[in-house]
Amino acid sequence: MSKLLISLFATIMVVVISCSQIATDKQKIPGNIALVKGGTFTNTKSKYYGKNVMVADFYISKYEVTQKEWTEIMGSNPSKFKGDNLPVETVSWYDCVEYCNTRSIKEGLKQYYNIDKEKKDPNNTTDLDNTKWTVTINTEANGYRLPTSTEWEYAAGGGQLSKSYNYSGSNNVDEVAWYWKNSGDKYITGSWSWPVLVSNNNKTKPVGSKKPNELGLYDMSGNVREWCWDWHNNIAADDLPGRIWRGGGWIGGDFCCASSFQANYEASGKGPDQGFRVCRGR
C-alpha cells in the first residue's frame, strides 16, 4: 500500500472516529434537554440587563422534573399530588442535589456534586435547617446539576431570543403559568385565601400544559417553585439565609411568576409547590 493510500486511510479513520464521538455525545443529551446559547442578557426586564453579565452555553430541561423521572431514579415518590406527568414536589434542595448525582451515575456521567453528610456547612447559619450538609461542586463534571440563579433567569427570560416578556414566554401570566388564581377548578377572583384554594382543589398541573417561552421551555413561570444552586445573598436584617428559588408556583401570586423575581427557602424546606429542573454543562 502506497504512502498516499495509507495517509488517506488514516485521515478517513480520524473523521469516522470524530463523527462517531460527536454522535455518541449527542446521544447522551436526552430529547427533553434544550441547549441554551450563552451571551449577555437581552431581556430588558432583568436586573442583569445592560450590566455585561455573561452566561456561558448550557443545557437545561424543557420541563420541570416529573414524578415519573424522579421515581425512576430515586425509587419512591414524595409528592402530595400524584401523577407521572405532574412535577415532582415536596423535595428539599438536598433531595434535588442527590437526584442530580444519582441520575448522573445511572447515565454514566461524572457527578457534579460532592456531598458530605457528616460535615456541617459553616455558611448555613439558619436554625430552621438541621441538615446542613456540605455540598461542593466539580466544575469539570458533565453530570446533572441545579441551574445557578443567573442561568435560570437568563433561560426563563428567553436568552438571546428574548422578547422582554415579564413572565417566561408572555406578558399575560395566564398564558404561561399555573398560579393561585387559575390552578383549581375555577378561576379565582378577589384576595388570596388558603381556604378558598383548598375548596377550589388548587394543585399542580401536568408539565408542558401552558405555552412555552422563546427557547421552548415550559413552566418556568408557575406550577412549582424551582430550586437553584445559589445562596440568597441579599439578606436584610429580618431575612434568613437559604437557597434561592425561582418561578413561583400554583399556591403563589402572579408577581412570583415573573422571570426576574427570586426568593429563598431553607435548603431542608419542602412543600407541595416546591420542585426543580436540571441543567448540564455543554
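The values are calculated or read from the model by the stated rules, or taken from the named source; none is laboratory data. All of these numbers come straight from a predicted model, not from anything done at the bench. Don't worry about glycine lacking a Cβ; one is built from the backbone with ideal geometry, like all the others, and counts go over all protein chains shown. Surface accessibility is based on the protein's heavy atoms, side chains included, excluding ligands, DNA and RNA. Shrake-Rupley method; radii C 1.70, N 1.55, O 1.52, S 1.80 Å.
Tabulated results
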read-out	value
Residue in the range 237-252 that is touching a Lys or Arg at 6+ places or on another chain (Cβ under 7 Å), modelled with pLDDT under 95 and open to solvent by 30 Å² or more (accessible area, probe 1.4 Å) present	no
Complete set of residues in the range 64-84 that are surrounded by fewer than 22 Cβ atoms within 10 Å (Cβ to Cβ) and either touching a residue at least 60 places away in the same chain (Cβ under 8 Å) or assigned to a loop (DSSP other than H, G, I, E, B) (or both)	Gly75, Ser76, Asn77, Pro78, Ser79, Lys80, Phe81, Lys82, Gly83, Asp84
Among (1) in contact (Cβ under 8 Å) with a residue 40 or more places away in the chain; (2) surrounded by fewer than 21 Cβ atoms within 10 Å (Cβ to Cβ); (3) under 17 Å from the mean Cα position of the chain (by Cα); (4) closer than 25 Å to Asn77 by Cα - the single one Asn142 does not satisfy	(4)
From the options Val207, Val176, Val224, residue that is at pLDDT 95 or above, open to solvent by less than 10 Å² (accessible area, probe 1.4 Å), aliphatic (A, V, I, L, M) and closer than 16 Å to Phe276 by Cα	Val224
Condition met for Asn114 (within 29 Å of Tyr49 (Cα to Cα) and either open to solvent by 50 Å² or more (accessible area, probe 1.4 Å) or of a type in the set (Gly, Ala, Ser) (or both))	no
